[in-house]
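Here, each number is a calculation from the coordinates, and none is a lab measurement. Since this is a predicted model, take the numbers as computed values, not measurements. A quick note on method: Cβ atoms are made from the backbone with ideal geometry, for glycine too, and the neighbour counts reach across all protein chains shown.
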Amino acid sequence: MKKMIVAIAGLASIAVFSACNNEAAPEDAVVTINGTDITEAEFVESLKEQVGDQSLLSLIQLQLLKDKESELDITDEDIDQEVDELKNNLGAESDEDLLNALTEQSQGQVDLESKDELIEEFIKPQLVIQQLASEGVEVTEEEKEAFYEEQKDSFPTEVHARHILVEDQETADDLKAQLDDGADFAELAEENSTDPGSAANGGELGFFPEGQMDPAFEEVAFSLDIDEISDPVESSHGFHIIQVLDRHDSYEDYADEIEEILIQQKSKSPTEVFSDLVRAADINIEDSRYEDLLAPFEQTEDDSADEEDEEAQG
């Protein structure tokens, strides 16, 4: 699974500084206490002292990534996939749910007004980093097969199934007869299944390996062919009708996932990507307080090696 690179916390700090500089003049009061004003300038100065370094780094990073974006091939499909993954991770069903979840996760510091804003300030920068990190990375078939052989325990046999759960044999037999006559499995599950976790999704259980379900349920599920529908199966929960939709039990089933893992292992870290961008860019830091802010990112590998040698020599 791809990692989220641009932190919500980074967006939060940027949002705070943006809000401070949008409307008010430096001498305007942010708050008045017993007749004494705390001005916009004082407020901004306090923020700079507390979180200025990280906020400025975030702003520089985002600008460098936006500058690089036009050189890369970021498609609408890439963006949609990333939004869907973010929804999955946060349990959000709609765009509105996603924006609310991000607001909650950032404890209200980030209040994204639209999906477009999320894409421009969060999704696209993340995709730029991912593409730059994996640029030039190649994974051979031999490497993938070797990884599979070494890590076989990490790729167990698993099935993708759906089911209809009812309380008695008679109801189960009737539903099985309807399925044999061509009834739609998902519709019957939605209308009849007593499993609250899957009924609304047409009985969908997703992929699962052995050892996660009731033993009686698993014994049948793992014996079915793809698309085959079982006779009623009794478990400790009631009577199930099971259909297996897919199966993972070979290298071919996991090849794409293995390739993604190996690409991630070979890719540069976000810090390395940022260092490359900093060294290639024309950046002038005008505020002397932050003149050394980018020093760690401006070093080359040779510079780092020389420093390590010097430290080793005492």
Report summary line: With a ≥ b ≥ c from the Cα gyration tensor eigenvalues, square-rooted, and the rule rounded for a/c under 1.5, otherwise prolate when a/b > b/c and oblate otherwise, region 246-298 is prolate
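Within a Cβ distance under 10 Å of Val139, other residues only, what is the Lys/Arg minus Asp/Glu net charge? Spell out each step's value before the answer.
Values: positive: Lys144, Lys266; negative: Glu138, Glu141, Glu142, Glu143, Glu259, Glu260.
Summing Lys/Arg as +1 and Asp/Glu as -1 gives -4.
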Requested in this report: Could you calculate the contour length gain from Thr39 to Asp231, that is, 0.36 nm times the residue separation minus the distance between their Cα atoms, to one decimal place in nm?
Outcome: 61.7 nm
**Report entry** Acute angle (nearest 10 degrees) that the helix 169-180 long axis makes with the longest principal axis of the chain, alpha-carbon atoms
**Finding:** 80 degrees
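Provide Phe122, Phe297 in ascending order of the number of other Cβ atoms located within 10 Å of each residue's Cβ, fewest first.
Details: Phe122 24, Phe297 18.
By the 10 Å Cβ count, ascending, the order reads Phe297, Phe122.
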Query - Taking the convex hull of Cα positions in the chain, its mean projected area over all directions (nm²) - result: 26.1 nm²
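How high is the relative contact order of the chain, given as a whole-number percent (alpha carbon pairs under 8 Å, six or more residues apart)? Let's see the in-between values first.
Values: 341 pairs, mean separation 52.3, N = 314.
Dividing the mean separation by the residue count of the chain yields 17 percent.
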Report task. Work out, in µm²/s and without decimals, the Stokes-Einstein translational diffusion coefficient of region 158-248 at 25 °C, 0.890 mPa s, Rh from Kirkwood over C-alpha pairs. Result -> 193 µm²/s
Query raised in the report: At Glu142 and Glu170, where each label point lies 7 Å from the Cα along Cα→Cβ, what is the point-to-point distance in nanometres?
Result: 6.7 nm
Report task. Specify the angular offset, from 0 to 90 degrees and rounded to the nearest 10, of the alpha carbon long axis of helix 40-69 from the longest principal axis of the alpha carbons in the chain. Result -> 60 degrees
Query raised in the report: Taking the chain as a Gaussian network, where each spring joins two C-alpha atoms under 10 Å apart, which residue of Thr39, Thr103, Thr157 fluctuates the most?
Result: Thr39
Query - Nearest-0.05 FRET efficiency for Gln265 and Asp53, computed from C-beta distance (R0 30 Å) - result: 0.45
Report task. Calculate the spin-label point distance for Glu113 paired with Gln212, positioning each point 7 Å from the Cα along the beta-carbon direction, and give it in nanometres. Result -> 4.2 nm
Query raised in the report: Here are some pairs, Lys68/Lys144; Lys68/Lys266; Lys66/Lys115; which of them have Cα atoms lying more than 23 Å apart in this structure?
Result: Lys68/Lys144
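Subtract the Cα-Cα distance of Glu135 and Asp84 from 0.36 nm times their separation in residues, and report this length gain in nm to one decimal. Display every interim value, and only then the final one.
Values: separation 51, 0.36 × 51 = 18.36 nm, distance 2.36 nm.
Gain on extension, Glu135 to Asp84, equals 16.0 nm.
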Query raised in the report: Normalised by the number of residues in region 158-248, what is the relative contact order in percent for Cα pairs under 8 Å and 6+ residues apart?
Result: 43 percent
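Suppose R0 equals 41 Å. What FRET efficiency, 1/(1 + (r/R0)^6) with r the Cβ-Cβ distance, do Ile283 and Val31 give to the nearest 0.05? Walk me through the intermediate numbers first.
Working: r = 35 Å, r/R0 = 0.85.
Approximately 0.70, to the nearest 0.05.
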Query - Angle between the chain longest axis and helix 76-90 axis [Cα atoms, degrees, rounded to 10] - result: 80 degrees
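When the helices in the chain are scored as -39500 (n - 2.57) per DSSP H run of 4 or longer and the sum is shared across all residues, what 222 nm value do you end up with, to the nearest 500 deg cm²/dmol? Working shown, then result.
Working: 14 runs with 166 residues, N = 314.
Computed ellipticity for the chain at 222 nm equals -16500 deg cm²/dmol.
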Query raised in the report: Say we join alpha carbon atoms closer than 10 Å with springs in a Gaussian network model of the chain; which of Glu117, Glu286, Glu259 then has the biggest fluctuation?
Result: Glu286
Report task. Rounded to the nearest Å, what's the spacing between the alpha carbon centres of region 190-218 and region 238-261? Just the number, please. Result -> 15 Å
